[in-house]
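A short write-up of the structure that comes next.
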Amino acid sequence: MKMTMRYYGKGYDSITLEQLRQIRYVEGLISTLYYKQPGELWTREEIRALKKEIEDGGLELSGIESVNIHDAIKIGSPERDMYIENYIKTLENLGEEGIDLVCYNFMPVFDWTRSDLAKPRPDGSTVLAYDQSEIDKIDPENIFENIDKNSNGFVLPGWEPERMARIKELFEAYADVDEEKLFANLVYFLKAIMPTCEKYGIKMAIHPDDPAWSVFGLSRIITNKENLLRMLEAVPSVYNGVTLCTGSLGSNPDNDIVGIIHALKGRIHFAHIRNIKHTAPGKFEEAAHLSADGSLDIMQIVKALYEVGFDGVIRPDHGRALWGEKAMPGYGLYDRALGAAYLCGLWEMIDKLSK
Ligand code: CS2
Ligand code: MN
């Protein structure tokens, strides 16, 4: 297991490599070329520069999160083949630069969605929160405004202003993309890229939908064990794998995370471990990574990953905003560093007790 942290790159992250290196629990970083629009080619020079920035900071680039998928691929529109070609060229360039892990998602229009980016907690920290009754009151064409004005000046992953400016057009383009069509488009994409992934040993790790249900009437398919298994069986290569994001799958209390881990044995290449607290049906808020602070049993989750022989990359996921920190919501330094320490402690305990 390799513990990592997400880093958005110089100029896009409030956290420095100096700070990340001192966390000590973290061996590597998960990063990206954050300025790239979905569908743009990544050149070897750009990838090499990112790698060098991180390695000069004393850490390794352990994987990419994300090479985002152009909407044409998700929609299945005629120009999807051109964008798939571009994606393949980007994978080739990543492979040539020694990158072997790529995270992505197949959510239409938005990435993770929340109704509140800074919900105050009794302890004075703030968290990301989701309340379906609040979401239902929002006109999707205005949600970007809500997100953008509360994101401390940062662009949130998957919420690129350039795409959000076309939100009406995007909703129209996805209008008849039901779950079956979206699933077929995902399989089409995966089958097209697998030969390149196999050639370079690149493990693709699809990130589950967050929350794990349809939002604003948009289809969502990476939401539960059945759909994950269906996707893995449809494209059986080991390089077609999963990012096990406990908070995203855990947003639906019916999802048995430990059961999903066992069911996906051998196909989990990346794990985002975070806790959330269910407060009512369709209502949850994020929490400290500690089991007792939320609704998930993080120890059982880490134990299950150990039991299935997980040897991939783990990172703490969204943290609380602590001690007045102003960072990208969910991506502050302090609570994710605390999370990394906690997760490393759990893993060490389980590992040493098993020997
Ligand atoms: C991330 C997602 O911030 C997050 O919760 O887990 O934005 C994730 O990076 C993307 O969905 C993966 O493409
Ligand atoms: Mn995640």
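The values are calculated or read from the model by the stated rules, or taken from the named source; none is laboratory data. Because the structure is predicted, anything quoted here is derived from the model rather than measured. Don't worry about glycine lacking a Cβ; one is built from the backbone with ideal geometry, like all the others, and counts go over all protein chains shown. Accessible surface areas use protein heavy atoms only, side chains included; no ligands, DNA or RNA. Shrake-Rupley method; radii C 1.70, N 1.55, O 1.52, S 1.80 Å.
Odds and ends about this structure:
- Heavy-atom accessible area ranking, 1.4 Å probe, most first, across Tyr342, Tyr35, Tyr87: Tyr35, Tyr342, Tyr87
- In plain terms, the chain from Asp148 to Ala292 could stretch by 48.7 nm, reckoned as 0.36 nm per residue minus the Cα-Cα distance.
- Area accessible to solvent at Lys52, 1.4 Å probe radius, in Å²: 120
- Label-to-label distance, nm, for residues given as Gln22 and Thr279 (7 Å Cα→Cβ offset): 3.3
- Theoretical FRET efficiency, 1/(1+(r/R0)^6), r = Cβ-Cβ of Lys89 and Val258, R0 30 Å, to 0.05: 0.20
- Listed values for the stretch 285-292 are Karplus-derived 3J(HN,Hα) couplings in whole Hz (6.51 cos²θ - 1.76 cosθ + 1.60, θ = phi - 60°), namely 9, 7, 8, 5, 5, 3, 3, 5, and x replaces Gly and Pro.
- Compared with the alpha-carbon gap, the fully stretched path from Tyr35 to Glu348 is longer by 109.0 nm at 0.36 nm per residue.
- Cα convex hull of the stretch 1-129, projected area averaged across orientations, nm²: 9.7
- Tensor-based shape of the chain (alpha-carbon gyration tensor, a/c under 1.5 rounded, otherwise prolate or oblate): rounded
- Fraction of accessible area attributable to carbon and sulfur, the chain (%, probe 1.4 Å): 51
- Distance in nm between pseudo-label sites at Arg166 and Gln300 (7 Å out along the Cβ direction from Cα): 4.5
- Solvent-accessible heavy-atom area per residue, rounded to whole Å², over the chain at 1.4 Å: 40
- Area of Ile276 that stays accessible when all protein chains are in place (1.4 Å probe, Å², to 10): 0
- Cross-link pairs beyond the 29 Å C-alpha cut-off, checked among Lys52/Lys352; Lys36/Lys168; Lys10/Lys283; Lys36/Lys203; Lys89/Lys303; Lys10/Lys199: Lys52/Lys352; Lys10/Lys283; Lys89/Lys303; Lys10/Lys199
- Accessible-area order (highest first, 1.4 angstrom probe) of the listed residues Phe171, Phe106: Phe171, Phe106
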